[in-house]
Amino acid sequence: MKKKKFVLVLGGGASKGFAHIGILRVLESKGIVPDLIVGTSMGALVGGLYASGKSIDQLEKLALNFNYLGTFSLMNMLFKDNILNIGRVKRILKRELGEMTFEETKMKFVAVATELDTGTEKHFDSGLLVDGITASISVPGFFPRVKIGNHYYVDGGLLNNLPEDVARKIMPDAVIVSVDPIGEYVKQIDRSKNKTMQTLINSLVIMTQAIVNSKPKNADLRILVTQPHVCQIDFNKQTAIKSIKRGERVAKKYLPQIKELLGIKDENN
């Protein structure tokens, strides 16, 4: 019997997106590895690193040390051109990925971004992996726009935070499982005491989830990882652990359905 192609769609969700690591750990432990990963924002970051060949343990180590990188140390400062330094993130990615291209990844990978010039989606599947991921994670107001070639790009979540349709177009006959790390809308916990930031984050979540819910479902299975106790702008070791563990618990719950979709028969779920 011919093996079914498997596509994993990883949605955006800032620190909630660390749940993707838990999802990947459970799948990999059962020998379930995607033929294609399509990611937006944090889904592109985690998915791109995994597609490059990074192990789950390496991904977890990066997540647990994310706060020590200084990337979000400016969170409580006044607005300037942007709040966060995309250069630091890009340097980390370059350290981990070097000059690897999309064509060189261990599995096919696509990063979804938004092109500012035209207001349309951009699906990065060629060129430097670092560039595509950086474009996909550049949340307006937090990171500056990213210039690649003659065009400017921002976060793919503005138009397509859970790109199931992109995956279906690329592999129409594959089994597609999508992971939404935001899940059901929950007003964010505010630990920064910055009410303006809290309002901005809540507003972005409402917008992106409204777009996700308004689109036709293109996945065979959509996994919602609702995380009421994880704030999207709270990047620290404890938050990463919570999110990863939540991803693991949810993945185990859905594992029997995933196996059934893929035609995997195993007495042990």
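The values are calculated or read from the model by the stated rules, or taken from the named source; none is laboratory data. The structure displayed is predicted, hence computed values, not measured ones. Methodologically, a virtual Cβ is constructed for each residue, glycine included, from the backbone with ideal geometry; neighbour enumeration extends over all protein chains shown. Remember, those area values only see protein heavy atoms, side chains included, never the ligands or the DNA or RNA. Shrake-Rupley method; radii C 1.70, N 1.55, O 1.52, S 1.80 Å.
Only one entry of LYS94, LYS90, LYS61, LYS106 meets the criterion of being modelled with pLDDT of 95 or more, among the charged types (D, E, K, R) and within 19 Å of the chain's Cα centre (by Cα), and that entry is LYS106. Could you say whether any residue in segment 171-191 is under 30 Å from PRO256 (Cβ atoms), open to solvent by 30 Å² or more (accessible area, probe 1.4 Å), of a type in the set (A, V, I, L, M) and modelled with pLDDT of 85 or more? Checked segment 171-191: at least one residue is under 30 Å from PRO256 (Cβ atoms), open to solvent by 30 Å² or more (accessible area, probe 1.4 Å), of a type in the set (A, V, I, L, M) and modelled with pLDDT of 85 or more. Within segment 150-173, restricting attention to residues that are assigned to a loop (DSSP other than H, G, I, E, B) and within 13 Å of the chain's Cα centre (by Cα), the residue that is nearest to ILE201 (Cα to Cα) is ASN161.
State which residue is most open to solvent (accessible area, probe 1.4 Å) when the search covers only segment 199-241 and only residues that are farther than 15 Å from GLY11 by Cβ and without any contact (Cβ under 8 Å) to a residue 12 or more places away in the chain. The residue in question is GLN238. Close contacts from segment 32-57, counting a first residue that is part of a helix (DSSP H, G or I) and a second that is small (Gly, Ala, Ser) and open to solvent by 10 Å² or more (accessible area, probe 1.4 Å), with Cβ to Cβ under 8 Å and a gap of 6+ residues or different chains, come to MET42/ALA14. Among the listed residues SER29, SER73, identify the single one that is under 24 Å from LYS259 (Cα atoms), open to solvent by 10 Å² or more (accessible area, probe 1.4 Å) and either at pLDDT below 95 or among the polar types (S, T, N, Q) (or both). The unique qualifying residue is SER29.
Looking across segment 93-149, the residues that are among the acidic types (Asp, Glu) and either part of a loop (DSSP other than H, G, I, E, B) or open to solvent by less than 10 Å² (accessible area, probe 1.4 Å) (or both) come down to GLU99, ASP117, ASP125.
Picking from residues in segment 1-19 that are basic (Lys, Arg) and out of contact with any helix residue (DSSP H, G or I) (no Cβ under 7 Å at 6 or more places or on another chain), the one that is surrounded by the most Cβ atoms within 10 Å (Cβ to Cβ) is LYS5. Taking the conditions exactly as written (open to solvent by less than 60 Å² (accessible area, probe 1.4 Å), in contact with a strand residue (DSSP E or B) (Cβ under 7 Å, 6 or more places away or on another chain), at pLDDT 90 or above and closer than 28 Å to GLU184 by Cα), does GLY22 satisfy them or not? In short, no.
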